[in-house]
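Take a look at the structure below.
Derivation of every value follows stated rules applied to the coordinates shown; laboratory data play no part. Owing to the predicted nature of the structure, the values given are computational and were not obtained by experimental measurement. All Cβ positions, even for glycine, are placed from backbone atoms using ideal geometry, and neighbour counts span all protein chains on display.
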Amino acid sequence: MKQRVVSGMRPSGRLHIGHYHGVLENWVKMQDSYDCFFFVADWHSLTTEYADTSGIAQSIREMVLDWVAFGLDPEKCAVFRQSLVPHHSELNLILSMITPVSWLERNPTYKEMLDNIEQRDLTTFGFLGYPVLMAADIILYKATRVPVGHDQLPHLEITREIARRFNHLYGAVFPEPEALLTETPKLPGLDGRKMSKSYNNSIYLSDSAEETDKKIRSMVTDTNRVRKADPGDPEVCVAFNLHRIYVPEEKRDEIIPACRNATIGCVECKNILAAHLNERLAPFRARREELAASPDFIDELLREGSKKASVISDAVMTEVRGALKF
Ligand code: TRP
Ligand code: SF4
C-alpha cells in the first residue's frame, strides 16, 4: 500500500520560482510514489485575511494554474479546495473540543505572528485555532506523510498530539502522520533578501521571458564588483545562486574562473542565466497560457478534485461519528 500524502498551500496568487523549487517541484515528484491529496487552504487564509476577502478567489485561480501547468496531474492525485469539502470544518469542530488551549497558546508560530503582524488584529478564536484546522486537513484523509517546510513543523507536532488524543479518547481511528521535511534550495530574491511577494523581488513562474530578462538584469551580483575590470566572486554573488539551479554544471565551471579573473562581465553572465532559466520554464509557461485561456478550467478541476477527496473524507467522517457514538 502506498503511503498517503496530504499537503496544502494557502492561496497566495501567482507562485514564484522559490515556491516552485521549494514546494511544488517536490509535490510533482511525489505524485507517482504516494497517494496524494493536494489542496488550496482557503479557510486558512481567512484566519488572517478575514477583513478583506476580495482577493482570495483570484489568488486561488492563479495558484492552481501554476500547480497544474508546472506538473501536478489531477489524474494522479486529488487537487482540490478545502472549502469545497465541508468535512474539514466538521472535523475541525470536533477536534477543537479535545484540544487544550494551552497547546495552541504555546505554539511558537502563533506567538511570533501575534508579535510581528501589526496591520491585522489576529487576536481571534480562529487564528488561535489555525493548527486545529490544519490537523483536521491532515487526519481527515488518514495521511501518513505530510511534506512541509521547517516553519510548519510545530503545526505538525500539534497534529500528532491531537490525533493521539482522539485515539486515546475514542479508539484508534487515526495514524500519526509524519513530516516529510522539504529541503529548500537557497533562492534569494532580486535584491538578495528572501524571495517574497511582499518584497517585490520575485521572479514569477508566469512571468514572460522578457520580464524575466529584465528582472535578472536588475539582480544584485557580487557587490564588491563595481566595474567590469574588478574581479568577482561567485561564492558571494546573489545571482549565482540561481546559476546553481538553472545553468548546467559545465557552463558554471567556466563562469567561476572567468568571474574571478574578470574575463566575463556581469551583464553577459546574467544573460546566460536568463537564457537557461527561460528555456527551462518555457514549456510550462506555454501550457499555463493555454490553460488560462479556458475560463472554467480551474473551477471545474477543483470541483472534480473535491469530489474525489470527499469519497475518502466521507468514509473517515462516518468512522469518526461512530467512534464518538454519534
Ligand atoms: N499551514 C500551511 C502553510 O501555511 C498550509 C496548510 C494548511 C497545510 N493545511 C495543511 C500544509 C495541511 C500541510 C498539511 O504552509
Ligand atoms: Fe555574479 Fe556572474 Fe557577475 Fe560573477 S560575473 S559577480 S557570478 S553575475
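From the list 310, 294, the one residue that fits, being loosely packed, with under 12 Cβ neighbours inside 10 Å, of a type in the set (Gly, Ala, Ser), within 25 Å of the chain's Cα centre (by Cα) and more than 16 Å from ligand 1 (Cβ to nearest atom), is 294.
As an exercise: evaluate residue 160 against (1) more than 16 Å from ligand 1 (Cβ to nearest atom); (2) assigned to a helix (DSSP H, G or I); (3) out of contact with any His (no Cβ under 9 Å at 6 or more places or on another chain) and give the number of the one condition it does not meet. Failing condition for residue 160: (1). Could you grab me the full set of residues in the range 192-205 that are free of Cβ contacts under 8 Å to residues at least 60 places away in the same chain and touching a helix residue (DSSP H, G or I) at 6+ places or on another chain (Cβ under 7 Å)? Hit for the range 192-205 is 193, nothing else. So, in the range 133-179, exactly how many residues are crowded, with 17+ Cβ neighbours inside 10 Å and either within 22 Å of the chain's Cα centre (by Cα) or closer than 30 Å to residue 238 by Cα (or both)? Total meeting the criteria: 24. Checked against the criterion of being part of a loop (DSSP other than H, G, I, E, B) and acidic (Asp, Glu), the candidates 151, 191 yield just one match: 191. Screening residue 244 against (1) crowded, with 16+ Cβ neighbours inside 10 Å; (2) more than 16 Å from ligand 1 (Cβ to nearest atom) leaves a single unmet condition, (1). Candidates 143, 136: the one that is in contact with a His (Cβ under 9 Å, 6 or more places away or on another chain), touching a residue at least 12 places away in the same chain (Cβ under 8 Å) and either over 25 Å from residue 318 (Cα atoms) or not aromatic (Phe, Trp, Tyr) (or both) is 136. Candidates in the range 132-148 are the residues that are within 12 Å of ligand 1 (Cβ to nearest atom) and assigned to a loop (DSSP other than H, G, I, E, B); of these, the one that is nearest to residue 93 (Cα to Cα) is 140. Restricting 90, 75, 112, 62 to residues that are exposed (fewer than 15 other Cβ atoms within 10 Å of the Cβ) and assigned to a helix (DSSP H, G or I) narrows the list to 112.
Sub-7 Å Cβ pairs linking a first residue in the range 95-110 that is of a type in the set (Phe, Trp, Tyr) to a second residue that is assigned to a helix (DSSP H, G or I), at least 6 apart or interchain, are 103/158; 103/161; 110/104; 110/128, ordered by first then second residue. Highlighted here are the helices (runs of 4 or more DSSP H) found entirely within the range 231-326 that include at least 2 residues which are within 30 Å of residue 165 (Cα to Cα) and among the aliphatic types (A, V, I, L, M): 297-323.
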